[in-house]
1. For the stretch 83-89, take each phi angle, set θ = phi - 60°, evaluate the Karplus expression 6.51 cos²θ - 1.76 cosθ + 1.60, and give the result in whole Hz per residue in order, putting x for glycine and proline.
2. Which whole-angstrom value gives the distance between the alpha carbon centres of the stretch 224-301 and the stretch 54-117?
3. May I ask for the net charge around Tyr204, where only other residues with Cβ less than 15 Å from the Cβ of Tyr204 are counted and Lys, Arg are +1 while Asp, Glu are -1?
4. On full extension of the chain, what length is gained from Asn132 through Phe38, given 0.36 nm per residue of separation minus the C-alpha to C-alpha distance?
5. In the stretch 31-60, whose amide N lies under 18 Å from the spot 7 Å out along Cα-to-Cβ of Thr78? List them in ranges.
6. Within 10 Å, count the other beta carbons around each residue, average over each peptide in 97-110, 33-46, and list them highest first.
7. Please identify which residues in the stretch 145-162 have an amide N closer than 14 Å to a label point set 7 Å out from the Cα of Ser87, following the Cα→Cβ vector.
8. Identify the trypsin sites (Lys or Arg not before Pro) of the stretch 261-290 meeting these criteria: DSSP loop state and at most 14 other C-beta atoms within 10 Å of the C-beta.
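The numbers here are math on the coordinates, done by the rules we state, and not lab data. Computed from a predicted structure; not experimentally measured. Here Cβ is always computed from backbone atoms with ideal geometry, including for glycine, and neighbour counts include all displayed protein chains.
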Amino acid sequence: MRMAKEKGNNGTKVTKVMGCLLSLLCPLCLFADVVHVFERTSTGELIADRTLDTGRSYTTTPAPKKNSYIFTHWAISTTQEFDSRDSWNRTYDSAPFALYEEMTLTAHYLPSSQDNDSDSIADGHELYWYGNLDCDGASNTDGDGATFAEELAAGTNPLFPERHAEGPIAFADTELWLYNPNGYAPYTIRSEPEGALFTTVTSYVRPGESIVTSVAFVPSVTSSFAYWSINGARQADAWGRALDGISITMPSNALEIVAHSESDYETRMKLYWYGDASMAMTSDTDGDGKTFADELTAGPT
């Protein structure tokens, strides 16, 4: 480093550092590039377009469920190492990857009807769980007595044995634990006030699966049900009347589905038909000469 001395305007000697400290330190610094990571399905749909820093580890978006298709594995379009299967050899729904350059990650699917080896198990299920087509419906690779076909029907893991042990009965009350190995966002179905119509349900499903509610959640048609909401938004038909049941495709973010309860009949009907508790009972919104109260008495349509 070169040093130079000179006098300042006030006669004081000022020492100047000739050269840039930053330029000396830059070789020691690492700067990440920002690149695009595209996630697509093998059938052509774009799942995500993310802008990420290189030199870090990430996981893919959970592979969405597709009607009439079975997700089999993630693949990468570059030469970077990419582990898309876990320690049991089952494919990851959300696969880990290290980012070094712009890349496209592809979630591969097969038609659920495809069974090229004619062994009674769809090829997609075999590839998802084992990565090959060596197992058939009678296979019992985990040795627990349940066949591959039975495990699929029961929704259990064909790679991990279910164990049963006989002995004295013991029990203890604990909080409910939810098993969520793929890190899916949760959904909750509850009533407001809490517990007014049914017991709260909290669970996880893969993004793309359907969640359906109906008046079956409500004890009876004379209950205090007023309307459903999803993440705070009232659910209504084209006329503004509350939906008795809803069906929604699970997104990648959390959902709160609420059945709102109202004990006062008039207020409940205002919320059900208009979503507005201030609506006057004397109003005639359809212009047929009958008030809202008259319509309710006659059975409004």
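1. For the stretch 83-89, the Karplus curve yields 9, 9, 10, 7, 5, 8, 6 Hz.
2. First find each Cα centre; the distance between them is then 43 Å.
3. -1
4. Stretched out fully, the Asn132 to Phe38 stretch lengthens by 31.2 nm.
5. Hits in the stretch 31-60 for Thr78 at 18 Å: 31-40, 48-60.
6. 97-110, 33-46
7. 160
8. Passing sites in the stretch 261-290 are Lys290.
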